[in-house]
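The structure appears below as structure tokens.
The values are calculated or read from the model by the stated rules, or taken from the named source; none is laboratory data. Just so you know, these numbers come straight off a predicted model, no measurement behind them. Reconstructed Cβ throughout: ideal geometry from the backbone, glycine too, with neighbour counts over all protein chains shown.
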Amino acid sequence: MLQINNLHANVGDKPILKGLTLSLNAGEIHAIMGPNGAGKSTLGYVLSGRPGYEVTEGSVTFNGQDLLALEPHERAAAGLFLGFQYPVEIPGVSNVQFLREALNAQRKYRGEAPLTGGEFLKVAREQAGALGMDMEMLKRPVNVGFSGGEKKRNEMVQMGIIDPALAILDETDSGLDIDALRTVGDGINRIMRKPDKAVLLITHYQRLLDYVKPDFVHVLDGGRITRTGGADLALELERDGYKELAA
Amino acid sequence: MTVLPTRHDEAWRYSDIDALARAWPLPAPESIIVPAGGTFARTIIQDSGTIHQLDIAIGKGATAAIHVLNTGGDYGRVELNVTLHEGADFKLGAVQIGGGTQTLEVITTVTHAEPGATSSQIVRSVLAGTATGTYLGKVAVARDAQQTDSVQSVKAMLLDRSATANAKPELEIYADDVKCAHGCAIGELDAMGLFYLQARGITPAEAKKLMLQAFVAGVFEGAADEAMLIEAALAKLGDLV
């Protein structure tokens, strides 16, 4: 589904990714772990096309398409979803309006008919319900006045409504209490654990991986993948730390 | 005024004097007198490059609400000279949307002549290209006009670095028991917000439009033709993004 080959990327003039190679197949969940400043969030931003993140070398193919040639909104329509580490507040724009426009923009791009207001609300209600989010919150401006946990939960509601093929989840577990972590973990499994989908989980900690069991765990350090293993690798990292691993 | 103003005249400081000269001499301002206890509402849609000058006297306990959508022509100006008598209320909600080389301005003088009157002015400008958007708003509170409550909220959004926003809320207060709030901000669309919307599949133009819609929303609240005003504003925003 996703092939990243020898990816180099700069933020400003600073090289952050330095030859990252990674391949995700449909049906797989990959976790990327690594110390602060390793380039984890940069990877998520580069893949989703954030301005200011410049690819200097390498290639990324997503379902046979050159991902890097697409604009951010085209990447979304192609099936890529970035769960933000810090979901953005957008005063004055309601969640419902935002999500309906987003979903219908994606459908239009793919040549599908738009959902009517009623059809959209049905999907939104289902997804909000499954993640324990009040519909009233969906009527409020995007993320404004939401707690850290509510913002992350909202990201998952968005993911459920948009129903992407590939989700890159950037520290979706940070800022969550134990119950919210379980809800979010269940959400990821329910929405994304399917034979035709894949997930790239970017995380600092093992604890989310108790709920969402990864097929592969990668260590990202100094802008490249330095080690790859199974779910056990995460436990090993939790026990020994990144320093030990590098030694 | 019989002589063509120059940019040395404070009220015409940022104006398009060439365009003004073509319209000169201006007819006398429209005079509106709202009798005691009365209500008055007016929507001004400036979409063809014209100059609107209104003198409004609001009688005791009366209210006046003016909604402005200033979008059209090379030079569009809406000038309001408002006098409030005891306990009167004045509300202005104005949106200016300009691109290209347009010059758009809202100029107000709101005089609280007697006690207990309230006034509220909300002005939002969206400017692209090398357009200039100006708000000059003077609130004058007379010596006896105690318990005056006045608010000015002025914000401008620049879509291009080449656009210009001028904002000058001005207070002249001779009473000592008044509330006169004024806020003023000029900024750009939040880049992270735009990226967030695009990362969910919204095109760059629609993302900008959505954020600008939020920026001007609320200004037309209470207008009889609110829906029409919002639609006209959105159409103009759609041309700019």
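Residue under question is residue A:144, and the condition is that it be in a loop (DSSP other than H, G, I, E, B), within 14 Å of chain B (Cβ to nearest Cβ), touching a residue at least 40 places away in the same chain (Cβ under 8 Å) and touching an Asp or Glu at 6+ places or on another chain (Cβ under 7 Å); does it hold? Yes.
Residues considered: A:73, A:30. Of these, the only one that is crowded, with 21+ Cβ neighbours inside 10 Å, in contact with a Ser or Thr (Cβ under 8 Å, 6 or more places away or on another chain) and either free of Cβ contacts under 8 Å to residues at least 40 places away in the same chain or not basic (Lys, Arg) (or both) is A:73. Highlighted here are the strands (runs of 3 or more DSSP E) found entirely within region A:48-133 that include at least 1 residues which are at pLDDT 95 or above, farther than 15 Å from residue B:196 by Cα and more than 14 Å from every other protein chain (Cβ to nearest Cβ): A:53-62.
From the list B:194, B:229, B:240, which one is within 14 Å of chain A (Cβ to nearest Cβ) and either touching a helix residue (DSSP H, G or I) at 6+ places or on another chain (Cβ under 9 Å) or surrounded by 21 or more Cβ atoms within 10 Å (Cβ to Cβ) (or both)? On inspection, the qualifying residue turns out to be B:194.
One residue is enough: does region A:217-226 have a residue meeting the conditions farther than 23 Å from residue A:166 by Cβ, touching a residue at least 12 places away in the same chain (Cβ under 8 Å) and in a loop (DSSP other than H, G, I, E, B)? Yes, there is a match, as at least one residue in region A:217-226 is farther than 23 Å from residue A:166 by Cβ, touching a residue at least 12 places away in the same chain (Cβ under 8 Å) and in a loop (DSSP other than H, G, I, E, B). Which of the residues that make up region B:197-222 are in a loop (DSSP other than H, G, I, E, B) and either out of contact with any Leu (no Cβ under 6 Å at 6 or more places or on another chain) or within 9 Å of chain A (Cβ to nearest Cβ) (or both)? The answer is B:200, B:201, B:202, B:203, B:217, B:218, B:219, B:221, B:222.
Scanning region B:154-204 for residues that are hydrophobic (A, V, I, L, M, F, W, C) and under 16 Å from residue B:140 (Cβ atoms) yields B:171, B:173, B:175, B:178, B:180, B:181.
Does region A:156-169 contain at least one residue that is of a type outside the set (S, T, N, Q), within 11 Å of another protein chain (Cβ to nearest Cβ) and surrounded by fewer than 18 Cβ atoms within 10 Å (Cβ to Cβ)? For region A:156-169, residues of a type outside the set (S, T, N, Q), within 11 Å of another protein chain (Cβ to nearest Cβ) and surrounded by fewer than 18 Cβ atoms within 10 Å (Cβ to Cβ): absent. Note on region B:18-45: residues that are under 20 Å from the mean Cα position of the chain (by Cα), within 23 Å of residue B:74 (Cβ to Cβ) and loosely packed, with under 14 Cβ neighbours inside 10 Å amount to 1.
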